[in-house]
Amino acid sequence: MSFVVPKETFSGKVLAVDFGKDDKKITIGGENTLPFLSFEGECPNKPAIAYEIQDCPPDDWPETVLNVYKDVSSDTVTWAKYCQDELKADAIALRLISTHPDRDDRSAEDTAQTVKDVLAAINVPLIILGSNHIEKDANVLVAAAEASSGNNCIIGKAQEGNYKTIVAAALAHNHKLIAMSELDINLAKQLNILITQMGFDKTKLITDPMCAALGYGLEYTYSVMERIRLAGLAQNDQTMQPPILGDVGMYVWKIKETIAPEADVPDWGSIEERGIAWETVTATSMILAGTNLLIMRHPKAVENVKKTIDELI
Amino acid sequence: MALTGIQIFKLLPKTNCKKCGFPTCLAFAMKLAAGGVEISACPDVSDETKATLGEASAPPIRSFALGTGDKAVKMGAENVMFRHDKKFVNPCAIAVNIKDDAGDDAISAMAEAVANSEIDRVGQKLRVDAISIECVSGDSAKYEAAVKLVAEKAPETALILNCKDAGTIEAAVKAVADRKPLINGTTDGNAEAMADIAKANGCPIVASANGLDALSALTEKIKGFGVEDIVLDSGARTAKDIVEHNTQARRAALKKSFKPLGYPVINSAIRDDAILEASIASVAIAKYASIVVISSIEKWKTLALFTQRQNIYTDPQVPMQVEQNIYEMAEPTADSPFMITTNFSLTYFIVSGEVENSKVPSRLAVMDCEGLSVLTAWAAGKFTATKIAQYIKESGIEDKLSHKELILPGQVAILSGALEDKLEGWTITVGPREANAIPTFLKSKVS
Ligand code: SF4
């Protein structure tokens, strides 16, 4: 018996989506096979990583990652420039967390100015995220979309409860859009359908099936992503072909494994490396399941995931 | 090729004697084809048929143990490419490599660290499963001494003997034969000598070749020498090789019934940088390795890998459950808020995460509802006023609280009246419908 490489070819293809401008533009997606299986198909674009920054100091981030940005995070623009110039970020994800009613409840107008200031200071592609408050995001993201008009940003996240106004704003200002649902392939599909029914081009969509940290439901995210990919590729389900987002940092840097000092949990080892490894392994697992775009926080985790990606292509 | 039920039926005695526990030979044949029973259940089948069926009905990926005793690790026996189809069966063993020239102190320290690496995570005992001893000295006596030292300091851990020289391997295997070490170092050139050693000592063997084509030929050759417990080493070095080779080998075994690759896989994830090594090891764990070899076992690294392995190998069909308990967050006092939810792990993770985020000291009762989420458990009659009341009363929580206020998930607000009737003296407060509103809610409770 001699070995024949068992190849599978799929009728479907992940949509290629670009964001940003000029020579800094990034394209994600475009593959017609499962992640990194280039022996049987095309994987034209590698997964991209955006550094997460916020529009207010990240007081709620644990020390390991807080310390990295302690000299720059009091000013959003400085922070953005630091990521671009010092950390060589390929893209930046600006989370407008201060708009959350439980945080500073900053107004949409105030926030729009921050978006403009950040855009003026950087030339890498920008992802603009709300605070994940359904009602408030509907206002904030509309203002942010307008403020960033013409910059080919990714804005999000549009959810079932607020997608209409956000989709309209992305459409009007020619942005890409993240559609987020909670760990259920059918909900993800449903939301993509609702959004495209509004006339939004499916080639501008990015699916966020909701991330989960290693040890905190990672397996659900992993399997939902694999199933979305298979639906898009093997069944050629057109509604399941947008690239996938893994919003890793925010889920990782709030769990006990990234917060508890070694003195409290001697069996878990060094808190610094533990946190970085946690974000790294979570992100690596996500790209193996099909994630095309990662949002991450710690530079060492980003560096190691990038090295892993370079080994994978 | 696996046989169909009808093909198997043709080989059976067709007497319908029922001794196998099935009403007819056909029913038994169908069950055999589906993989639910063993051919030995039929006492009247001929030896010839047994041999035919044994070959055909062998699992597509051979299963055997790494190591001996309680801490032996089962490998192989996988049936699917994707974990959402069916549970991945035998979790990837994590092995650490040590060089025989590292010095006695370093070797002892590593072996002891492995022997003491066990931790408990969500009710499972997790540990570094194996030690690979690599021969770099080229000195047989030195190698044997290193192997013996590891065996002594880590008396229950599985051993992998990594050496290409058959003479050196023979002496080392004999020294620890009772541990059934996995012999790693067999290539096309030394296959016969290595297979003889494996056979004489009842040890499994790693077949190492460059690429799957050469590897298929090598496993057939080793099998021809009488050794069947084979582990595949395709020479994968980069993460890409790991993903591609492992995917191809598993596909060939499962979908093409290609026997020469129907074995467990070993991958090396060794890198200079410890975090990168963790990342590459996680690639191997997610993508079908049965053994992954790393170079160091910092506690943070093994914790991350144990956890990832646990996640990947969780049964997707059984909702992951959290143990019924009243969990304390941020050192609550008798006055702290007291909430309840169900034991669906995702519900628990999300709710407890938000409670922790709020930094408000609280208690969270997690009630056993067979792993169902709040609404589903309510709909299934498992999260009802009567059952909640009973659980609260029996939990003994009343002694720990200065108040009698229970916060109910907003999704089951409908239960609050009935629950107040059943839980005498208690006030039932309806909490938020969505978990992300919990921090605001809790802060307002204590301000
Ligand atoms: S024991 Fe064998 S002969 Fe008897 S019914 Fe079962 S399969 Fe048929």
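The values are calculated or read from the model by the stated rules, or taken from the named source; none is laboratory data. What you are looking at is a predicted structure, and each value in this text was computed from that prediction instead of being measured. FYI the Cβ positions are ideal-geometry reconstructions off the backbone, even for glycines, and counts take in every protein chain you see. Only protein heavy atoms, including side chains, enter the accessible area calculation; ligands, DNA and RNA are left aside. Shrake-Rupley method; radii C 1.70, N 1.55, O 1.52, S 1.80 Å.
Protein heavy-atom surface of region B:5-57, 1.4 angstrom probe: 55% of the accessible area is carbon and sulfur, with nucleic acids and ligands not counted. What is chain B by shape, rounded, prolate or oblate, if you read a ≥ b ≥ c off the alpha carbon gyration tensor as root eigenvalues and call it rounded for a/c under 1.5, prolate for a/b larger than b/c, and oblate otherwise? Taking the square roots of the gyration eigenvalues as a ≥ b ≥ c, chain B is oblate.
The peptide list A:37-47, A:300-310, put in order of mean Cβ contacts within 10 Å with the highest first, becomes A:300-310, A:37-47.
Taking 0.36 nm per residue of sequence separation and removing the Cα-Cα distance, the residue A:77/residue A:267 pair yields an extension gain of 64.4 nm. Counts of other chain beta carbons within 10 angstrom of each beta carbon in peptide B:305-318 average 4. Taking a Cβ cut-off of under 10 Å around residue B:234, the surrounding Lys, Arg, Asp and Glu residues balance to a net charge of -3, with basic ones at +1 and acidic ones at -1. Shape summary: region B:64-312 maps onto an equivalent ellipsoid whose semi-axes, from the alpha-carbon gyration tensor, are 25, 23, 16 Å in decreasing order.
Suppose R0 equals 35 Å. What FRET efficiency, 1/(1 + (r/R0)^6) with r the Cβ-Cβ distance, do residue B:34 and residue B:273 give to the nearest 0.05?
Details: r = 47 Å, r/R0 = 1.34.
After rounding, the FRET efficiency stands at 0.15.
Using a ≥ b ≥ c from the Cα gyration tensor of region A:105-185 (square roots of the eigenvalues), is it rounded, prolate or oblate, where a/c under 1.5 gives rounded and otherwise the larger of a/b and b/c decides, a/b for prolate? In terms of gyration-tensor shape, prolate.
Averaged over every viewing direction, what's the projected area of the C-alpha convex hull for region B:325-446? Give it in nm², one decimal, please.
Result: a mean projected hull area of 6.4 nm².
Note that region B:5-57 shows a convex hull volume over its alpha carbon atoms of 62 Å³ per residue.
Measuring between their Cα centroids, region B:414-444 and region A:47-66 lie 34 Å from each other.
Take chain B and mark each of the GluC sites (Glu not before Pro) that is in a DSSP loop with at most 16 other Cβ atoms within 10 Å; the longest unmarked stretch, sites excluded, is B:229-322. Answer with one residue from A:169, B:225, B:124: the one whose Cα lies farthest towards the positive end of the charge dipole of the protein assembly as shown, charges on Cβ with Lys, Arg +1 and Asp, Glu -1. Farthest along the dipole direction, towards plus: B:225. The GNM of chain B, with springs linking C-alpha atoms under 10 angstrom apart, assigns the highest mean-square fluctuation among B:219, B:333, B:307 to B:333. A probe of 1.4 angstrom, applied to the heavy atoms of all protein chains, finds residue B:127 with accessible area near 60 square angstrom.
The amide H of residue A:294, built 1.01 Å from its N in the peptide plane, has A:48, A:49, A:50, A:246 as neighbours under 5 Å, considering only residues 5 or more places off or on other chains. Count charges around residue B:362 for me, please; just the other residues with Cβ under 14 Å from its Cβ, Lys/Arg as +1, Asp/Glu as -1. With Lys, Arg at +1 and Asp, Glu at -1, the neighbours total -1. Region B:20-36 and region B:44-108 have their alpha-carbon centroids 26 Å apart. Distance from the C-alpha centroid of region A:248-294 to that of region B:203-253: 33 Å, rounded to the whole angstrom. Largest first and in whole Å, the equivalent-ellipsoid semi-axes of region B:120-223 read 24, 19, 12, each the square root of five times a Cα gyration tensor eigenvalue. Backbone amide hydrogens, once placed in the peptide plane, bring residue A:176 within less than 5 Å of A:153, A:154, A:155, excluding anything fewer than 5 places away on its chain. Approximating the spin labels as points 7 Å out from Cα along Cα→Cβ, the residue B:398-to-residue A:197 distance works out to 5.2 nm.
Legend: Rg and Dmax of region A:51-165, from Cα coordinates, 13.4, 39 Å. Shielding value for B:349-361 is 3, the average number of Cβ atoms from other chains within 10 Å of each residue's Cβ. How far, in degrees from 0 to 90, does helix B:299-312 lean away from the longest principal axis of the Cα atoms of chain B, to the nearest 10? Orientation of helix B:299-312: about 90 degrees from the principal axis.
With 38 Å as the cut-off, how large is the P(r) tail for chain A, expressed as percent of Cα-Cα pairs?
Details: 4826 of 48828 pairs.
Taking all Cα-Cα pairs of chain A, the fraction more than 38 Å apart is 10 percent.
3J(HN,Hα) couplings calculated from phi for region B:260-265 with the Karplus curve 6.51 cos²θ - 1.76 cosθ + 1.60 (θ = phi - 60°) are, in sequence order, x, 10, x, 9, x, 10 Hz; Gly and Pro show x. With the largest listed first and rounded to whole Å, the semi-axes of the equivalent ellipsoid of the protein assembly as shown from the Cα gyration tensor are 47, 32, 29.
Say the dipole of chain B comes from +1 at the beta carbon of Lys and Arg and -1 at that of Asp and Glu; which of B:322, B:23, B:154 then lies farthest toward its positive end? Among B:322, B:23, B:154, the one farthest towards the positive end of the dipole of chain B is B:23.
For region B:5-57, the Cβ-based charge dipole about the Cα centre amounts to some 260 debye (Lys, Arg positive; Asp, Glu negative; other atoms uncharged). Accessible surface for residue B:329 stands near 10 Å², nearest 10, in the context of the full protein assembly shown (1.4 Å probe). Taking amide H as placed 1.01 Å from N in the peptide plane, residue A:91 has its amide H under 5 Å from the amide H of A:51, each at least 5 places away in sequence or on another chain. All Cα-Cα distances of region A:186-254, cut into 10 Å bins from zero to the largest, leave 21, 48, 26, 6 percent in each bin in turn. Rounded to the nearest 20, the Cβ-based charge dipole of the protein assembly as shown about its Cα centre (Lys and Arg +1, Asp and Glu -1) stands at 2340 debye. Any idea what log10 I(q)/I(0) is at q = 0.16, 0.18 Å⁻¹ for region B:141-279, Debye with uniform C-alpha scatterers and no solvent? These q points yield log10 I(q)/I(0) values of -0.86, -1.03. For the Cα atoms of chain B, what angle does the longest principal axis make with the long axis of helix B:239-255, in degrees from 0 to 90, nearest 10? On a 0 to 90 degree scale, this one is about 80. Counted by Cβ distance under 12 Å from residue B:152, the other residues give a net charge of 0, where Lys and Arg count +1 and Asp and Glu count -1.
Over all residues in B:281-292, what is the mean tally of Cβ atoms on other chains that come within 10 Å of each residue's Cβ?
Numbers: counts 2, 10, 9, 0, 4, 7, 3, 0, 0, 0, 0, 0.
That works out to 3 on average.
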